[in-house]
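This report refers to the structure that appears directly beneath it.
Nothing in this text is a laboratory measurement; each read-out follows from the coordinates by a stated rule. What you see is a predicted model; the values in this text were computed from it and never measured. Backbone-built Cβ (ideal geometry, glycine too); neighbour counts: all protein chains shown.
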Amino acid sequence: MKRFALSLFIALPIVSIGQTVNGDAEQLSCNCYRLTEAIGNQSGSVWNSSQISLADPFDYTFDVYLGDIPGGADGIAFVLQPISTQVGSNGGGMGYEGISPSLAMSIDTYDNGANDGDIPQDHVAIMSNGSVEHFSADNLAGPEIALVSGNNIEDGQWHVMRVTWDPVTMIINFYMDGSLRTTYTGDIINDIFGGDPNVFWGFTGSTGGLYNQQEFCFSIIPGLSANSDEICAGDSVLFEDDSYSALGVVESWDWDFDNGQTSQNATPGMVQFPDAGTYWVTQTIVDAEGCDASDSLQIVVHPNPVADFSATDVCQGNEMNLMDESSIVSGSVSDWSWNLGNGETDFGSSVSVVYSEAGTYNVTLEVSSAEGCTDSVSSTVTVFENPVAEGAFESNSLDAVFTTGLNNGDEAYWIILDTAYTTLGELNYTFPDSGWYDIQLVVTNANGCMDTADYSIYVEGLPEYDLPNVFTPNGDDFNEWFQPETYAVVEANMHIFNRWGRPVFTYEGAIPQTEYWGWDGTINGGAKAESGTYYYVLDLKGVNGDNFSEQGTVTLLR
């Protein structure tokens, strides 16, 4: 494309609040400008009306639009220059050619080939003193492909251009869409601007025989941030501001938290959200030029569960079941933590516990939802004391008296031979026979708690005996033996004699635990005795120590 030297725009500049608009440039909105239309041989510039000092760092972000005609021309540049707010040029010089001294961060959309040392792709460079020739000493950095993707920047899309300067390190960086495309390190204050740090800054752009609609916007970026975007009902969110305006400082903030609360502070701090729901928090900022921008972020407030449980009072030593009855309006309860009040903990949805001691226990249940929201509840449970089953008994022969010590409200019963006998304190009972008996005492109190006591007792009846007068040891297994039928008798001495006084049977000692122990009808365990009458002498000793003696006859029949 044909180059043109530096010139002053003939058209009178249009001065916005803080910018001077020259040539074909036009202000489209508070912060957006069109440098050229998609018309040939246009040129425009927009300059900040006040100078800045390069002794201070800067970090500028802009949105740039290079048109939607692939292969169009010519490009735009971010320029620093100390001359005035009305300079610029047209044609292939992208509006800054010939401005000297100057420093330009250019986006070139046309390949001028070997004449300028261009590369075929849309490219960026850092140029000094109004030069567009990349092989010259004024080419400080680049050219580099404009987009890291390598795509044509004339794609009908907006792109983010960022330029930073650090006077300490003397580094100027040039970014496109967040990617560092080229950088230069040098003393630009002295080497380019002759030691004067004060410069105007702005944008220039131009078209020639080829063209594109070329625009830029001073970025106004709301910077609302939150330390969390998901919380539980009743929690608070810390909101902070990191807003940015390329036109200067942000001067006002308007926050709407979508929960009835608002703030005009840059950093509102902690904001509470008492109720569950989805909230869109909106921040609107206004900069020094009166330009505004808004942005929103979503805060999700999860409902808290409502902790609850049920329990049935139990007796000491019995198992108590604690049943979770927690609820939540949406979602589910996923974790449970129990403090059972006796030093034990558990983590099931419903748990069981045995309290060894009677008393009142404070049980606490804490529940959590899947989103980590919690609630807790505490309630007392009662463990009733068990009664003490204590009984005593006395017997006189087969008659026994059972006594029980009871407290007010207690009830008791004795279980004897599988039958229960209720008693309020004393029970009279007659056993059918002497011997050992397993007896159980059951005591319940007014709370339904129970205790048992087991006893094994021996009942001694009065000694008794009975003697037959005939026996028949003939092998028919009936009436085969001569011996007394005894009751409560422990020892026996029995002697049997025939009619001539000779002994045929003798037994002395304890009565054995066998069915038969007496005379079997033999002569001292040998030959069978003949049928007839025999004489006996019997001495018995009872369990109570009483002695019984008897003499008589018995008939043996075969």
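Across segment 540-552, coupling constants 3J(HN,Hα) worked out from phi with the 6.51/-1.76/1.60 Karplus curve, θ = phi - 60°, read 10, 10, x, 5, 8, x, 6, 10, 10, 10, 7, 10, x Hz, and Gly and Pro carry x. Phi angles of segment 310-326 translate, via the Karplus equation with coefficients 6.51, -1.76, 1.60 and θ = phi - 60°, into HN-Hα couplings of 10, 8, 9, 4, 10, 8, 3, x, 8, 7, 9, 9, 9, 9, 5, 10, 5 Hz per residue; Gly and Pro are given as x. The residues neighbouring I221, those whose beta-carbon lies less than 9 Å from its own, together hold a net charge of -2 under the Lys/Arg +1, Asp/Glu -1 convention. When T207, T360, T555 are arranged by Cβ crowding within 10 Å, least crowded first, meaning fewest neighbours, the order is T360, T555, T207. Plainly put, segment 77-197 has a radius of gyration that is 0.95 times its Kirkwood radius, both from alpha-carbon atoms, as the Rg/Rh ratio. Cβ distances below 4.7 Å define possible disulfide partners, and in the chain every cysteine has one. Phi angles across segment 444-458 convert, under the Karplus curve 6.51 cos²θ - 1.76 cosθ + 1.60 with θ = phi - 60°, into 3J(HN,Hα) values of 10, 10, 5, 8, x, 7, 9, 9, 10, 9, 10, 10, 10, 10, 10 Hz, Gly and Pro given as x. Panel order for E154, E530, E460, by other beta carbons found within 10 Å of each beta carbon, from fewest to most: E530, E460, E154. Here's the picture: charge each Lys and Arg Cβ at +1 and each Asp and Glu Cβ at -1 in the chain, and of G208, T403, W255 the one pushed furthest to the positive end of that dipole is G208. For segment 221-302, a Kirkwood radius taken over Cα pairs fed into Stokes-Einstein (25 °C, viscosity 0.890 mPa s) yields D = 192 µm²/s. With neighbours defined as other Cβ atoms within 10 Å of a residue's Cβ, the residues R162, R502, R181 order from fewest to most as R502, R162, R181. Between the amide H of A73 and those of Y211, N212, distances stay under 5 Å, these residues lying 5 or more places away or on another chain, with hydrogens modeled in the peptide plane. Taking amide H positions as modeled 1.01 Å from N, with prolines and chain starts lacking one, the residues under 5 Å from D24 and 5 or more places away or on another chain are S43, G44, S45. Give the shape of segment 309-383 as rounded, prolate or oblate, defined through the alpha-carbon gyration tensor: a ≥ b ≥ c are the square roots of its eigenvalues, a/c under 1.5 means rounded, and otherwise the shape is prolate if a/b is larger than b/c and oblate if not. Taking the square roots of the gyration eigenvalues as a ≥ b ≥ c, segment 309-383 is prolate. Can you list the residues, at least 5 places off or on another chain, whose amide H is less than 5 Å from the amide H of C315, using H built in the peptide plane? So C315 has HN proximity to F384.
Scattering from segment 391-459 was approximated by placing one identical point on each alpha carbon and applying the Debye formula without solvent; log10 I(q)/I(0) at 0.16, 0.22, 0.28 1/Å stands at -0.51, -0.91, -1.37. Annotation: Cα Rg of the chain relative to the compact-globule expectation 2.2 N^0.38 Å equals 2.36.
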